[in-house]
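Colleague: Okay, here's the structure, questions in a sec.
The values are calculated or read from the model by the stated rules, or taken from the named source; none is laboratory data. Worth saying up front: this structure is predicted, and the values here are computed from it rather than measured. Reconstructed Cβ throughout: ideal geometry from the backbone, glycine too, with neighbour counts over all protein chains shown.
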Amino acid sequence: MRFKINLSAADKKIPIGNRFMICSLLKKAIEIGDAELFNEIYFYEDKKNKKIKDFSFAIYLRDFKVEDSYINVNGDISITVSTPDYNLGIAIYNGLLKIKTFNFKGYNLELKTVTLLKEAKVKSNIIPCKTLSPIFIKDRAGKGIDVHDSNFEEGLNYISNLYLETYRGYGLRERLKFIPINMKKVVVKEEVEGFREGTNKQFLLVDSYKGIFNLSGDIDDLQILLEAGMGYRRSQGFGLIDLV
């Protein structure tokens, strides 16, 4: 299930680390749309659930300028959300329809429309893809791996297999092959809870990649990854892809 949210910044400002603002919005939408599902996703035995989430999203800003401590946005903000889980998609969709305004750390959003999108279907075991949000693949130390490094494909297979095991009970049916065509490095700044206290730095820098690539594998695997996103931090605004 895939849909687009159109919204605006009431004060023409959003934080530089705006992915967590959208994470917070979607979390609230799930809570409103299906409280039981919300507790299942975000809590386990009264503690925060670290289980991999079944959605990803991409942010698109119109008419904006990055300032030192915030982003000035004069145009609309578009959020594309995608999930292979229909029940989760319905919960997010219904929850968003009930939210008119949303406050995140003093930044105010006004929701305008939520529109269902037609989903692309995988019909071949090799698909041309483009990123809607950058893909992040990391090594064991948490450092981003270069898209042209052979370890990038290894990391992609590892996290994809792990996600599919969590989602459907078994992993990849066939090893993925990632072929970069025109990929560019993107360093994303994020404000992560507890990061400043531990490092004395305001932003976590995430080395990720956007652009065009070919992906091969089992058709069913590819379809789920197209809907769920690829790589790490998917539910934090990374790894959403579409067919070219």
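Colleague: Looking at the structure I just gave you, is residue 187 free of Cβ contacts under 8 Å to residues at least 40 places away in the same chain, under 30 Å from residue 25 (Cβ atoms) and outside the structural domain of residue 30 (by TED's automatic domain parsing)?
Modeller: It is true that residue 187 is free of Cβ contacts under 8 Å to residues at least 40 places away in the same chain, under 30 Å from residue 25 (Cβ atoms) and outside the structural domain of residue 30 (by TED's automatic domain parsing).
Colleague: So which residues in the range 4-24 are over 13 Å from the mean Cα position of the chain (by Cα) and hydrophobic (A, V, I, L, M, F, W, C), if there are any at all?
Modeller: Those that are over 13 Å from the mean Cα position of the chain (by Cα) and hydrophobic (A, V, I, L, M, F, W, C): 5, 7, 9, 10, 14, 16.
Colleague: Considering each of 24, 56 in turn, give the residue that is modelled with pLDDT of 90 or more and touching a Ser or Thr at 6+ places or on another chain (Cβ under 7 Å).
Modeller: Numbers: 24 fails: touching a Ser or Thr at 6+ places or on another chain (Cβ under 7 Å).
When all the criteria are applied, what remains is 56.
Colleague: Might you check whether a residue that is closer than 21 Å to residue 231 by Cβ and not aliphatic (A, V, I, L, M) occurs anywhere in the range 62-76? Lay out the reasoning, then the answer.
Modeller: Here is the first cut: in the range 62-76, the residues closer than 21 Å to residue 231 by Cβ are none.
Checking the range 62-76: not a single residue is closer than 21 Å to residue 231 by Cβ and not aliphatic (A, V, I, L, M).
Colleague: If a residue has to be of a type in the set (S, T, N, Q) and either exposed (fewer than 12 other Cβ atoms within 10 Å of the Cβ) or assigned by TED's automatic domain parsing to the domain that holds residue 134 (or both) to count, how many in the range 34-76 make the cut?
Modeller: 1
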